[in-house]
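J.: One structure, pasted below without further comment.
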Amino acid sequence: MENKNIIILGGYGNFGKRIAENLLYIPNVTIFISGRSLDKAAELCAQLKQRKSKVKVKPAQLDIQSPDFEQMLNCLQPFLVIHTGGPFQGQDYTVPQACINAGSHYIDLADDRRFVCDINQLNSAAEENNVLVVSGASSVPGLSSTIVDHYLPQFEKLKTIDFAISPGNKAERGEATIRAILSYTGHPFKVLRNKEWINVFGWGESRKRGFGGSIGSRWLANIDIPDLELFPNRYPSAETVHFQAGLEVSLLHHGMSLMSKFVQIKLIKNWAPLTKWIVKGSELLLPFGTDNGGMQVTLKGIGKNEKPLQIDWTLFAEDGVGPYIPIISTVILAKKLINDSIQETGAMACQGMYSLDEFDHYANQWGIFHTEESYEPKEIR
């Protein structure tokens, strides 16, 4: 069989290294761990080689900001490029376009609303070059859409999608992820509420939500994600699409809420330039909290029996395994492409591209589990 080159951009980062770990045992594959630092890439390659897999692992120096990025990428003759180099806020489509030009498939873990929602503008070019370009192959909208799709057949009319994510305080802090959140903290964005599009503010509307189990109750606040725009189109009966996330330690969470207020009253324009200092400050509180995180999806509407129906799906990630959740969508799609089990081409957001059973196959390996509860609610709004 022909050898396939897999390029992981940001390959030595929190997500990149976990993706590499999960692609180590696929026959006829060469994995390139790439990023701006060749030393860091080589260091991770040395660690991965100790696992004695049959896959070739090589370091590569690739800077997506460099004028010769596309030329350097072409030299590696990629079959698939996995882009983990966030934050995606403010990025253009230089990377996916370079992949299309190279005849390479492309997957990213983007969480930026515009980046993911507008990726379809590359659809014609991707189809012409017979490649698949997928954006948002992560917790959202990759996993979130898979969950909604799984339970959708139980509804005659799905009216409310209300979901939330809460990582444990001791989970690894990805600077790119925090920079992305800070970029819209205090800034307005549109959401669908009761059939109307309204403005809400990043890290506003704090509330407590009960996850149960080892997670308990956590504070949550508004976060801007692609799903807020994608889901009203994918699930046209939905009248409300609501998403929030939060921090386990109350002091950190309410500190973010205060930072949101400072932006709203124009004392601060943007917190993102202070990301490194904010991350260091948050690390002072690492001894507090737990390494248990989770995700909850609540669906409300009218069931097939014409009665109100509510389904609560809750994911639990204990003992520090939470950072594996965002990579599962990418790992599933990458393996499908490598095994030639995806024939689809074009550019699209990652929605409904795998089943919940496929997710569970990987989640179970790390002890990630979920529960579900279905019942007739008192009200469905």
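The values are calculated or read from the model by the stated rules, or taken from the named source; none is laboratory data. These numbers were taken from a predicted model, which means no experiment stands behind them. Every residue, glycine as well, gets a Cβ built from its backbone with ideal geometry; the counts of neighbours run over all protein chains shown.
J.: For residues in the stretch 255-295 being in a helix (DSSP H, G or I) and charged (D, E, K, R), which is farthest from Ala176 (Cα to Cα)? Can you show your working first?
T.: Restricting attention to the stretch 255-295, the residues satisfying the condition of being in a helix (DSSP H, G or I) are 255-264, 272-283.
Next cut, charged (D, E, K, R) only: 261, 276, 280, 283.
Details: Lys261: 22, Lys276: 10, Lys280: 14, Glu283: 15 Å.
The selected residue is Lys261.
J.: Where residues in the stretch 203-228 are part of a loop (DSSP other than H, G, I, E, B) and polar (S, T, N, Q), which of them is surrounded by the most Cβ atoms within 10 Å (Cβ to Cβ)?
T.: Ranking the candidates gives Ser206 first.
J.: For the stretch 324-377, give me the residue count where each residue is out of contact with any Ser or Thr (no Cβ under 9 Å at 6 or more places or on another chain), of a type outside the set (Ser, Thr, Tyr), more than 20 Å from Leu152 (Cα to Cα) and not in a helix (DSSP H, G or I).
T.: 8
J.: Would you pick out the residues in the stretch 24-47 that are surrounded by 16 or more Cβ atoms within 10 Å (Cβ to Cβ) and either among the aromatic types (Phe, Trp, Tyr) or closer than 20 Å to Ile332 by Cα (or both)?
T.: Within the stretch 24-47, Leu24, Ile26, Val29, Thr30, Ile31, Phe32, Ile33 qualify.
J.: What residue, among those in the stretch 357-381 that are in contact with a helix residue (DSSP H, G or I) (Cβ under 9 Å, 6 or more places away or on another chain) and crowded, with 16+ Cβ neighbours inside 10 Å, is farthest from Ile302 (Cα to Cα)?
T.: Among those residues, the one meeting the criterion is Trp366.
J.: Quick one: Val200 ticks every box in (1) buried (at least 22 other Cβ atoms within 10 Å of the Cβ); (2) over 23 Å from Leu315 (Cα atoms) bar one, so which box is it?
T.: With respect to (1) buried (at least 22 other Cβ atoms within 10 Å of the Cβ); (2) over 23 Å from Leu315 (Cα atoms), Val200 is out only on (1).
J.: Let me ask you something else. Taking Leu24 as the residue in question, decide whether it is more than 30 Å from Pro188 (Cα to Cα) and part of a loop (DSSP other than H, G, I, E, B).
T.: Yes.
J.: Of all residues in the stretch 230-249, which are farther than 20 Å from Thr177 by Cβ and either part of a loop (DSSP other than H, G, I, E, B) or out of contact with any Phe, Trp or Tyr (no Cβ under 6 Å at 6 or more places or on another chain) (or both)?
T.: Selection gives Phe231, Pro232, Asn233, Arg234, Tyr235, Pro236, Ser237, Ala238, Glu239, Thr240, His242.
J.: Now, a different point. Looking at the stretch 1-16, I want the residues that are over 15 Å from Glu43 (Cα atoms) and among the basic types (Lys, Arg) and have a partner that is at pLDDT below 95 and assigned to a loop (DSSP other than H, G, I, E, B) with Cβ atoms under 7 Å, at least 6 apart or on another chain. Which pairs are those?
T.: If the second residue must be at pLDDT below 95 and assigned to a loop (DSSP other than H, G, I, E, B), the pairs left are Lys4/Asn28.
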